[in-house]
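The values are calculated or read from the model by the stated rules, or taken from the named source; none is laboratory data. Because the structure is a prediction, the values reported are computed rather than measured. With ideal geometry, Cβ positions are generated from the backbone for all residues, glycine too; neighbour counts draw on all protein chains shown. Accessible surface areas use protein heavy atoms only, side chains included; no ligands, DNA or RNA. Shrake-Rupley method; radii C 1.70, N 1.55, O 1.52, S 1.80 Å.
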Amino acid sequence: MQEIKSIIFDFDGTLADTWPVMYQACAGVFQRHDNREVSIEDIYTMAGPTELQIIERHLANREQVETAINEFLADYEQHHEELVERNVAIAQMLSTLRQAGFGVALFTGKSRRTLDISLDKLGWDVGFDKIVTGDDVQKRKPSAEGIHQILSALGWAREQTIFVGDSNDDMQAGEEAGVRTFAAQWMAVVQDKHYRIQPERIFDSAEEFQQFVMERLTSG
């Protein structure tokens with residue numbers, strides 16, 4: 001049984017179902033400043049850069065970019081509690097993994113500003129060993145740059161570290177990094193349900209994933 005000591009998680013769609021609040025806040029600024037209706041599929045297509053970079057790159061009304069970004073952040077914070085569930089199973093899983101001694105890190109394409117809002121609103125009692133956001137990398141997912149940063153900074157052994165995400169970009173980043181990669185499909189909204197690069201395993205619940213890694217914990 002292959003040992004696992006450290007876990008790197010994606011955030012959106014993996015640890016928190018933030019797509020509803022991201023979409024509402026994004027759609028609002030495009031409607032107000034470009035008079036443009038965008039669908040959640042449009043946001044998926046634009047995804048990769050951070051939410052703030054999406055607005056910066058795609059808003060046609062260039063004079064309103066800074067205003068639109070500030071409005072997005074305000075809407076994201078204002079509606080977070082209403083639209084993002086405080087998933088008890090996820091909170092329990094993270095707490096259990098931490099107490100068991102696993103290393104836990106976060107690699108997300110979110111901006112640092114939106115991630116900070118989400119972490120504050122979710123109120124998890126979890127200290128991540130390292131967090132890498134879309135603001136911290138030169139190359140966004142599917143590049144494995146963020147995973148490499150975490151492994152290098154923390155000295156984690158590649159063969160004892162796994163990466164967990166929900167998207168095709170996550171699967172590709174994990175493969176590029178040379179770490180075992182797993183798919184989380186336990187959220188109501190999952191970015192991708194079918195993968196070009198197959199994960200080692202797909203989990204339908206956080207409880208199932210927790211049991212899997214607890215059975216592979218090494219004390220060494």
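Only one entry in 147, 162 is aliphatic (A, V, I, L, M), in a strand (DSSP E or B) and in contact with a strand residue (DSSP E or B) (Cβ under 7 Å, 6 or more places away or on another chain), namely 162.
Taking (1) free of Cβ contacts under 8 Å to residues at least 40 places away in the same chain; (2) under 17 Å from the mean Cα position of the chain (by Cα) in turn, residue 114 satisfies each apart from (1). Considering (1) touching a residue at least 12 places away in the same chain (Cβ under 8 Å); (2) at positive phi, the lone condition that residue 10 does not fulfil carries the number (2).
Looking across the stretch 189-210 at every residue that is in a loop (DSSP other than H, G, I, E, B) and under 19 Å from residue 5 (Cα atoms), the one that is least open to solvent (accessible area, probe 1.4 Å) is identified as 199. In the stretch 66-77, the condition of being in a loop (DSSP other than H, G, I, E, B) and either out of contact with any strand residue (DSSP E or B) (no Cβ under 9 Å at 6 or more places or on another chain) or touching a residue at least 40 places away in the same chain (Cβ under 8 Å) (or both) is met by no residue.
Residues in the stretch 115-138 that are of a type outside the set (S, T, N, Q), in a loop (DSSP other than H, G, I, E, B) and at pLDDT 95 or above: 128, 129, 137. Selection within the stretch 85-114: residues that are out of contact with any Lys or Arg (no Cβ under 7 Å at 6 or more places or on another chain), of a type outside the set (Lys, Arg) and not in a helix (DSSP H, G or I). The member of this set that is surrounded by the fewest Cβ atoms within 10 Å (Cβ to Cβ) is 101. Exactly one residue out of 21, 29 is in a helix (DSSP H, G or I) and touching a His at 6+ places or on another chain (Cβ under 6 Å): that is 21. Quick check on residue 140: is it surrounded by fewer than 19 Cβ atoms within 10 Å (Cβ to Cβ) and closer than 15 Å to residue 51 by Cβ? Judged against the criteria, residue 140 is a match.
Against the test of being touching an Asp or Glu at 6+ places or on another chain (Cβ under 9 Å), closer than 14 Å to residue 9 by Cα and open to solvent by less than 20 Å² (accessible area, probe 1.4 Å), the options 179, 213 yield a single qualifying residue, 179.
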